């Protein structure tokens, strides 16, 4: 029975529904703290590392590295995330590789973030004027020193907004981990709804919690943009 159908007709049903919402808040927050947030953070960290390596490979003078990176990005961008998670969790056991739900989700999301974020990072690096490279080389810096001390700090400022959006999208995408049995926030909502049949109430509650998380992240994004603003070349 849906909450909206009875909100003005059955005060007792309304009271029961709100009791369910209150009781479900704890398990859903537990799922967010124990799985949703750690899953998003770990996947983003590993994904960014992979993205940086992929971006540098795309800009490498080696045709082999460029080709491998291009194929990887193409596969990630050309296949649905849910299919990628299914291949890792359900298909790899056919090859003798069996992963627990959480590690499988981390691998899947990291690969996905790496593919998309690599193009953001590559574009950010290429947006830095060539004069910055030449100036660094002229004072004796090596390629790695130039990247670390000159290019990356400036590219970070350029990439903060799109990478922040990627992380916010990742937080929402973690709900797909419920498909491979990760007990994250949305999975908790599904389990409670399957017993109480209050699908509208519980899924709506989950939506509000996701929105709150993303709203907090958007505030952090603004703070990071201001902090990295000092690295922007004038």
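The values are calculated or read from the model by the stated rules, or taken from the named source; none is laboratory data. The structure displayed is predicted, hence computed values, not measured ones. Backbone-built Cβ (ideal geometry, glycine too); neighbour counts: all protein chains shown.
Looking at segment 223-230, is at least one residue surrounded by 18 or more Cβ atoms within 10 Å (Cβ to Cβ) and assigned to a helix (DSSP H, G or I)?
no
Can you say whether residue 137 is without any contact (Cβ under 8 Å) to a residue 40 or more places away in the chain, farther than 30 Å from residue 27 by Cβ and assigned to a helix (DSSP H, G or I), as far as the supplied structure shows?
Working: without any contact (Cβ under 8 Å) to a residue 40 or more places away in the chain: yes; farther than 30 Å from residue 27 by Cβ: yes; assigned to a helix (DSSP H, G or I): yes.
In short, yes.
Given the structure, is residue 198 crowded, with 16+ Cβ neighbours inside 10 Å and modelled with pLDDT under 90?
Details: crowded, with 16+ Cβ neighbours inside 10 Å: yes; modelled with pLDDT under 90: yes.
For residue 198, the condition - crowded, with 16+ Cβ neighbours inside 10 Å and modelled with pLDDT under 90 - is met.
For segment 108-136: of the residues being at pLDDT below 90 and either in contact with a helix residue (DSSP H, G or I) (Cβ under 7 Å, 6 or more places away or on another chain) or buried (at least 17 other Cβ atoms within 10 Å of the Cβ) (or both), which is nearest to residue 70 (Cα to Cα)?
127
Among the residues of segment 71-88, is any at pLDDT 95 or above, in a loop (DSSP other than H, G, I, E, B) and over 22 Å from residue 153 (Cβ atoms)?
The answer is yes; a qualifying residue exists.
Return the residues of segment 177-199 that are assigned to a helix (DSSP H, G or I) and over 23 Å from the mean Cα position of the chain (by Cα); say none if nothing qualifies.
Hits for segment 177-199 are 191, 192, 193, 194, 195, 196, 199.
Kindly evaluate residue 103 against the criterion of being surrounded by 14 or more Cβ atoms within 10 Å (Cβ to Cβ), in a helix (DSSP H, G or I) and on the phi < 0 side of the Ramachandran plot.
Against the criterion (surrounded by 14 or more Cβ atoms within 10 Å (Cβ to Cβ), in a helix (DSSP H, G or I) and on the phi < 0 side of the Ramachandran plot), residue 103 does not qualify.
Which condition breaks for residue 94 when tested against (1) closer than 24 Å to residue 37 by Cβ; (2) surrounded by fewer than 15 Cβ atoms within 10 Å (Cβ to Cβ)?
With respect to (1) closer than 24 Å to residue 37 by Cβ; (2) surrounded by fewer than 15 Cβ atoms within 10 Å (Cβ to Cβ), residue 94 is out only on (1).
Among the candidates 177, 156, which residue alone is touching a helix residue (DSSP H, G or I) at 6+ places or on another chain (Cβ under 9 Å) and more than 30 Å from residue 87 (Cβ to Cβ)?
After ruling out the rest, the residue left standing is 156.
Can you find a residue in segment 200-212 that is in contact (Cβ under 8 Å) with a residue 24 or more places away in the chain, within 15 Å of the chain's Cα centre (by Cα) and in a helix (DSSP H, G or I)?
Yes, segment 200-212 contains at least one residue that is in contact (Cβ under 8 Å) with a residue 24 or more places away in the chain, within 15 Å of the chain's Cα centre (by Cα) and in a helix (DSSP H, G or I).
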